[in-house]
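Asks: Below is the structure I would like to discuss, written out as structure tokens.
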Amino acid sequence: MRYGALEAGGTKMVLAVADENRKILARESIPTRTPGETMPRMIAFFRKHPVDALGIGSFGPLDLHPGSPSFGCITETPKLPWRHYPLLPAFREALGIPCALDTDVNAAALCEARLGAARGAQNCVYVTVGTGIGAGVVCEGKLVHGLMHPEWGHMLLCPRGDDPMPQGICPYHGACLEGLASGPAMEKRWGAPAKELPPDHPAWELEAHYLAQMCVTAVMTVSPEKIVLGGGVMGQKQLFPLIRRETMRLLGGYIACLENADGLIVPPACYPDSGLIGALLLAERAAK
Ligand code: ADP
Ligand code: ZN
């Protein structure tokens, strides 16, 4: 058996083919343009490297309700050419094989829960902090869907009194997690790309505070054994100790079983391929 994986992102599509041991046999990255331009290139890749099943982890939001007429479609994305695009049906029709779709972050969460930093956890979340913020959630060993799928990037936070940009930048909510703590939010607040802010810049302490608010909500809702933090902004390793300390402070001693957050808040083990490997796991499941 050969399995195909697609990690569909706003800037690039990463495609891979793997064998049953998850050894990657072929891999390609294609810039994300319009569906008319990008879909034929992706389909050509899977025709050149035939697979028995395909798993897709995609940017969203997505319609993942099996009974819905728009099941498998991208929904209200700001990436206009992809709005309402029937991503899953298009691959099913073109390739005629079992195909499965989930959010990019749910795929990454699945990967980290099965094979990575959250291995053995019943409940875990994977949060990417980059151009946007998104989270995949595993509860009792299963990916969470329900009403839609988790959208933690738009979790409402309390802006801090000393934040020079407390109004945030989310076009829907202003001061949600993504509006306050994404890479673009940091750039707008501090007037320089996050990557260029030195490690001792006050930006990081404020960033850690907002990510800690999210971690507290994670602990209080999902009761995760692991909170896996990935994405470009988390390339700043000094954030981890800051977030752990701030999370413990905000928890206020309420979670008695937690002495510290060292084992709770962790980097991904499979980054930057967590989403791609998660898509492979979706393909394996689709083939069964
Ligand atoms: P995307 O979210 O677009 O898939 P990334 O996860 O790489 O891609 O996130 C890009 C965002 O992360 C940008 O806002 C960029 O400024 C920021 N970023 C990327 N690398 C770093 C870094 N090493 N330190 C801080 N911020 C970074
Ligand atoms: Zn928002």
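Asks: Tell me, yes or no, whether the stretch 144-157 has at least one residue that is within 13 Å of ligand 2 (Cβ to nearest atom), charged (D, E, K, R), assigned to a helix (DSSP H, G or I) and within 27 Å of Asp262 (Cα to Cα).
Replies: no
Asks: Under the condition of being within 16 Å of ligand 1 (Cβ to nearest atom) and more than 22 Å from Cys124 (Cβ to Cβ), which residue from the stretch 149-175 is most open to solvent (accessible area, probe 1.4 Å)?
Replies: Taking the candidates together, the pick is Ile169.
The values are calculated or read from the model by the stated rules, or taken from the named source; none is laboratory data. Only a predicted model underlies this, so the values are computations on that prediction, with no experimental measurement involved. Here Cβ is always computed from backbone atoms with ideal geometry, including for glycine, and neighbour counts include all displayed protein chains. With ligands, DNA and RNA removed, areas are computed over all heavy atoms of the protein, side chains included. Shrake-Rupley method; radii C 1.70, N 1.55, O 1.52, S 1.80 Å.
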